[in-house]
Every structure is written in C-alpha cells, then in structure tokens.
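Here's the structure we're looking at; comments come further down.
The values are calculated or read from the model by the stated rules, or taken from the named source; none is laboratory data. Since the model is a prediction, treat every value here as computed from it, not as a measurement. Every residue, glycine as well, gets a Cβ built from its backbone with ideal geometry; the counts of neighbours run over all protein chains shown. Accessible surface is based on the protein model in full, side chains and every heavy atom, while ligands, DNA and RNA are left aside. Shrake-Rupley method; radii C 1.70, N 1.55, O 1.52, S 1.80 Å.
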Amino acid sequence: MVVANQVLERGGRVLVLDKASFCGGNSAKATAGISFPKSQEDATGSFRNDMAAAGGSSAALSEILGRNSLPDMSWLIDKFDLNFAVVAKHAGHSHPRTYRNGDGMPGMTITYALIQRIEKVAEVSDRARIVTKAEVSRLLHRAGNVVGCEYQKFGRSSKEYGPVILCTGGFAAVGPGSLLAQFRPDLLKRPTASAEHCTGDALKLGQEVGAKTLDLEWVQLHPTGLIHLDEPDAPRKAVAGEMFRLAGALLLDASGERFCNELGPADHIIEAMATRPAPFWLCLNTAASRELQRQCRAFTRRRLMKCYSSGRELAEEMRIPVQKLVEVHDAHAEAFRRTLRDAGSKERPSAASTASTAEAPAEGPWMGLDGRHSYDEVSGKLGFGKCDFKNVLVGSRVPDETFHAAQVTPVILYCSGGLGISAQAEVLRQDGSPIPGLFAAGECTGGVHGKLALPGNSLLDCLVFGRLAAKSACRYIFGEDDEFRPCPIPHEGPAGTFEKAAGHRRPAMASFDQPESYELVLDDAAPRQDLGAVWMQARQQQTYMSLHPNLPGAAVWHLLGGNHCRSAFAAPAKDILHADLIVEPFDSEEILESSANTLGKKVSFKDESLLAFASTRPSPTEPNTQVLKRESVKVSYLLVQQAAKLRRARKRLAAFLIKNGFSPDDVNKMKTRYLGLSRTFALHEAAKQDDALMVRLLLYFGADCSNKDSSGRTAYDYVKAKPADEEVRRLLEKYGRQQSAWHRSRCKSTAIESADDVGSSI
Ligand SMILES: Cc1cc2nc3c(=O)[nH]c(=O)nc-3n(C[C@H](O)[C@H](O)[C@H](O)COP(=O)(O)OP(=O)(O)OC[C@H]3O[C@@H](n4cnc5c(N)ncnc54)[C@H](O)[C@@H]3O)c2cc1C
C-alpha cells in the first residue's frame, strides 16, 4: 500500500491486485510496531550496527534502510496523519526505537490508513484501482523486460500491462509442496503466525523470469504463539507480541520454572525452550495485564488466554504447587531489587505492592545484554541475563494476585530471504543485473536484514523499499526527465532501453498500464477469450493515440483490424454479446469517440460510416493488414451499444455502493465496522433495502450469494420471509441457486442470462 500511494503521489496510475479478499496481509497483524532510528546519527551509527550484529545484513541495503528511515517515517506520519505515541526498546535494539500507537495495533492502523487513501482515490477517479481475490499467476515479459502480469479472478484470467512491483509477503505458510518444505523442512510441523497468503508467490513469479533469490533458509520464529484452548493443534496461531514481555510477563515451563531472559532475542528464548519441558506459560500479573488491558481482553474473548482470579487457581491449572510460583517470583524480584540498588533508585518492590520499572546499568555476576551485567541467575547462566524489569511482583502476593496467562509455543513468523534486489528495489537476475520493469519490496525480498530482522524493522523495510520501488517504477515510465513514455517496446529498440518520447509531456493522468507493443496473440480456438483480448487491445490504443496523434484512425484500425481480431469477430454473435467478455467496455467506447475526433469527422456511434471507414482504410503502420469484413463491423457496433447500457448500469451501481459505504471496486468487498466485529456486504444491504434493481445489478456484476455477514446470514436469509412473488426474494432464490453452478463452471454471467435482463430497467 506504501507502493500504491507513492505511485499516485508521483503522478502514476496504479492497480493493486490482492489474492485475499481484503488488502491487509501480515502487515495488519503487526503489534510490536515500526522501528526507526531516533536521529540521523543513530541511523548511520548504532541502528546499522544493531542490524549487522543481529543478522549480518547486506551493507548496501541496510545502509539505505537506515538512511531513508527518517524521511520516510516523516512522510508516513505527515501524509497519513498517524500518531506513534508509545516507544519501546525491543530485543536487539540498543535504544528504544520501536514505535506504536496507543491502541496497540500499529500494523492495522498504518495499513488501513494507506488502504483508505487508495480507496478514496479509486472512488473518485480511475487513477487507482483495487482488485481483491485476484491472484497474480504469471509475469508477462518480452525480450527480457517485464511488461505486465496475468491474474486469475473467479477462475477467469486477465492481463494488465505496466511495470510490476511485487509485494506478496513471505512464504511462511506451512504445507507440503510449499517453499518452506523445500528450504526449511525441519519447520514443517511448526505452527505459523502467517496468514495463508504467504506462499512465496513473488519468488515463484520472479524465478520464472530469471530472478535470483537469496537466504531462503533464514526463517524467523516467534517464541510466544498462543495455543487456543479448544484447538491446541491448529496450524495457524496468533502471537502475543514482545510487548507482553516488555510489560512484565514471565515465561514459565511446565514445572513452573523461569528459564530465560523474557526480554532477550527471540532465538535465544526459543533455544532455551528447546531444552525445557512443555507446555510453556506466559503469565501476566495484575499490573502487567492492566497495561495491556485491551489485548488481554481480546485474547481472553478469543480463548487464547485465560484470566485466573488468583495465583492458586493458576498453579492448579499448571499442575504445580502454588509455592513454586511464589519462589519463582521472589527470585525474580530479588534480581530486580539488586538492579535497582545499582541504579541508586529509591523504588523497592515490597510485600504490599508491585514495583514498576528498572532499566539500570546492573553490575551483577552474570553477563547481561548490551554489555551490562545481570543479577538474574536464571537467564544470566545462559549468557543473556535480564537487566530490565517492569511490573515486578513479589512472591508473597502471588497466591491472591489476579493473573492473565496463556500457553505458548514457538511459531514461524518471518522470512528474511527472498528476491535479490538492487538499491533501487529493482529485482535482480542471477548475474546481478536488474530485470527491466520488475521491482519488489517487503518480505518477499532478501538481503535487507540478513538472517534476522530486528523487531519493527520489517514494517520499516516495507516503507523504505516500498517507496523506493514505487519511485523506481515511476522513473521507469517517466524517465529522469519526467517525460512520459510507455513501457519499453522491445521491437523498437534494444532490450531494456526506452523509446525516446520526444515532445510528449506527461499526460495529466499519466498511465503506466498500457504498453504500446501489441503482444496479444489471440487464439482462434478460443473466441471468447479473443474478444476479451480485443478489448484489452483497444484499451492500449489510448496510449497509442496520445503518443501518435498524427496517425489518423490508428486506434480504430487497431481496435477493429488485424488478423487476430478478425478471428474473434467471427465468433457467433451470442458469444460476442456475452457481457462477461467485454473488458472495460467503456474505455472502448471512449476510444471510438476519440478516434472519430482524430479523424476530423463529426460522427456519432449510430453512424456506421466511421466503422466502415476504419474497415476499408489500410493502416498506415501495418500496410499488410487485411481489410475487415463488413459483418464484423456490425457486430462490433452492437458491442458498443451493449457497452453503453452496461456503463449506465455500472454508474447506478457505483452510486449505490458509495452511498452505502461500500467500495465500488469490488461488489464482494465487505464493509467492516467496530474493528471488524460487524461485517456486511452490498448484496445484504440491497436485500434489506428491498432494492430489486440493485440486487439484480449486484448479481450481474458478480456478487456472491453465499457471502455471510457477521451474524452468519446470507442476503437471502433477510428476504426469505417475504411473499414468494416479491422480486428481491425471487431474484435471490433463483440466481442464488444458479450461482454455485456458475462458480463451478467459472462463468459469471450464467447468473443472469443476458445483459438485457439487467439493463431493462436502466
Ligand atoms: C503475527 C505477526 C506479527 C508481526 N509483527 C510485526 C511488528 O510488530 N513489526 C514489524 O516490523 N513486523 C512485524 N511482522 C512482520 C511484518 O508484518 C511483515 O514482514 C510485513 O507485514 C510484510 O509486509 P508485505 O507487504 O511484504 O506482505 P504482507 O503484508 O503479508 O502482504 C502481502 C499481500 O500480498 C498478497 N498476495 C500474495 N500473493 C499474491 C498473488 N499471487 N497475487 C495477488 N496478491 C498476492 C497477499 O494477499 C497480501 O495481501 C509480523 C508478522 C506477523 C505474522
């Protein structure tokens, strides 16, 4: 989403394709926050040193991460009005520099702010589009240049043209045949914190066009994945972020012993866990849970955590004597007391109260983190002794103290490796040269963090390299001189070079999604597919015409002319009129209109002379092109009429969607409120409003009758009590039933037989 916003800011047009039903990815799950250095000196000094110590990252990429982080964070905060009020020192960082907002959901806050901006632009213009449930399956390439991508939605394949920026996240979704199975088979039995989209698609797509990958074996785990009380073996788990341990939570093993520095690096904690008896418990005393009240309540509601009214109750559940808990807390409090003494603080943990914090240069007998010494024997013996404490509880209070506790286990969190990228976020080939037209950012890239990303640095990576990738893609289109040019045209110049767009300034609404090259190869055997491709080709003419205003009729010619297109028009008329096949029909209509103007003839659509003219006029650029048959022209004229009807339908539907707070981009996109607790769909809304026309249109444009709202009801459930002859009920009954067949046969428009069925009331 950083990429999309940055492209818009640079004057480009952007299409966001997301295979999930909502664009949020793992980014929305981040709870620790986003890290950035506190000053430019920190950026180039200790921040980089911390990164190098943790993961041994590529010097060039980590330098960029540090150098760009401050300006990029200012961009994020200023442009999206974000507020990161809380800062914490997470393991591996030598200073507190991981920021989050007060509500403890920094990933969601950042991601939603970015998405909302794109959605707003998409509502009012065509500069941005978001298509969800659209899985990119292939990169389109020509002579070594990436010129677009192909994606699948509802079983239908579509192509889009322009530079491609891959941001598909990591590959931490477990399963046989996954990249994880290939590179880290030892982790296959581990649960994962990643959503199911994390299948490493960018890596597969990139490798198909010769991209190099690196460090794929570096997969990071998180020590505190939460075990669900009812589904302990679920392969996907939520995570209790480090903030729980920062607030003072203790980690205990099955015998109730502490076994590590809770604030130590994740890999140390996980190593220690491997030597101790499971299950492991994350225990928050009253003060600690009060600090994270919202999160504790949410986890308790989801049965990932439990509230115990006393230490006795907790001990009983852990099957250990309460005295064990008392002793463990006392030993911990003692280490804290000594650390305070070193700091010369007056604060003492007493029997009557819990003490709050100590971040002092402890001088204890054990080696601590950051070059300090620790008094905590448990963690000190392992070489990473605890020196920082918060909300410490003395043993005597344990039996009557309220606790929040959860069983935890290490889960797969993050993939450090990925596609090799340059300092400009260009995807690199095996030989280190960039693949023109292909960029990448975020978790799908490798080399930024080395083998281990510090907490909060992965979101920073998305921000910094996301902006860089967007800027590079825009430069690829607009050039250093900021002049618009189409994607490279391999047959007009050596691979990887640009055509010099002499004399053409960037159009007000610059577009990068249409190449000038006519790379569509239509398949005579598949006329339905052909037609879609013809209209796709039509869309490309907009760019062509803007760049070649002196070639009259070129657009019309390419729209209707050419051997391949002819085979498409030879398809039976009923197939051609299948509205499903009309790709962006309105663009095509505009093209015809503008072509007419280019020709200097005042013609209306009803005037067939334009089409006849196009059919008989040889193309100035392709003199060998055969002349179209007149019948084909008529068929295309019908298509234009059809397009006008659909255009009106679409406008009415868009108005309905916007008025009711839905995105006009996708009729199946749900509207959520109250942090996702309330969810509904446009079809439900139209059914509730008894709006038969909108129900009809929604069905026509692909609304899924099986969608259920937050109360578990389909749209039909809201109208089934109505009389049988009521139109809304009739429609949902009839098409709802047909729709499953439609989904199976992968053909959207069987839901309503023809466009006339929809358009009759428009
Ligand atoms: C539970 C959890 C907590 C975390 N907490 C933090 C934290 O506090 N701080 C931090 O810095 N990092 C954190 N991380 C790591 C961080 O969230 C991720 O590294 C980061 O969000 C990755 O962002 P991304 O944009 O690369 O991928 P994602 O945010 O995962 O987005 C990838 C998107 O690509 C889409 N996609 C994938 N394949 C395709 C395809 N073929 N076609 C179309 N779309 C596709 C997906 O549907 C998804 O929407 C956490 C990770 C997890 C799992």
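Summary table below
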quantity: Whole-number accessible area per residue in Å² for segment 219-411, which is evaluated in the context of all protein chains at 1.4 Å; calculated: 42 Å²
quantity: At R0 = 41 Å, FRET efficiency that the Cβ-Cβ distance of Lys381 and Ala60 yields, to 0.05; calculated: 0.55
quantity: Three-way shape label, segment 1-45, alpha-carbon gyration tensor, a/c 1.5; calculated: oblate
quantity: Computed lengthening from Ala254 to Arg297, 0.36 nm per intervening residue step minus Cα-Cα distance; calculated: 13.0 nm
quantity: Added length on full extension, which subtracts the Cα-Cα distance from 0.36 nm per residue, Glu123 to Asn660; calculated: 192.0 nm
quantity: More than 29 angstrom apart: percent of Cα pairs within segment 219-411; calculated: 16 percent
quantity: Phi to ³J(HN,Hα) by Karplus 6.51 cos²θ - 1.76 cosθ + 1.60 over segment 707-722, Hz, x for Gly, Pro; calculated: 4, 10, 7, 5, 8, x, 9, 8, 4, 4, 4, 7, 10, 5, 7, 6
quantity: Probe 1.4 Å, all protein chains present, accessible-area order of Met694, Met670, Met1, largest first; calculated: Met670, Met1, Met694
quantity: Interchain or long-range residues, amide H under 5 Å from Arg429's placed H; calculated: Lys212, Ile435
quantity: Ordering of 221-232, 449-460 by burial proxy (mean other Cβ atoms within 10 Å per residue, highest first); calculated: 449-460, 221-232
quantity: D (Stokes-Einstein, µm²/s), Kirkwood Cα radius, segment 42-104, 1.567 mPa s at 4 °C; calculated: 102 µm²/s
quantity: Highest to lowest packing among 436-448, 402-414, 204-216, scored as the average C-beta count within 10 Å; calculated: 436-448, 402-414, 204-216
quantity: ³J(HN,Hα), Karplus 6.51/-1.76/1.60, whole Hz, each residue of segment 31-39, x for Gly, Pro; calculated: 10, 5, x, 10, 9, 7, x, 7, 8
quantity: Whole-angstrom gap from segment 177-227 to segment 379-424, using each part's C-alpha centre; calculated: 23 Å
quantity: Cα-Cα over 25 Å, subset of Lys29/Lys451; Lys237/Lys471; Lys19/Lys451; Lys159/Lys471; calculated: Lys237/Lys471; Lys19/Lys451
quantity: Protection proxy ranking of 379-388, 365-374 - average other beta-carbon atoms within 10 Å, highest first; calculated: 379-388, 365-374
quantity: Rounded, prolate or oblate (a/c below 1.5 giving rounded, otherwise prolate when a/b exceeds b/c) for segment 280-349 by Cα gyration tensor; calculated: oblate
quantity: Surface per residue (accessible, 1.4 Å probe) for segment 1-91, Å²; calculated: 39 Å²
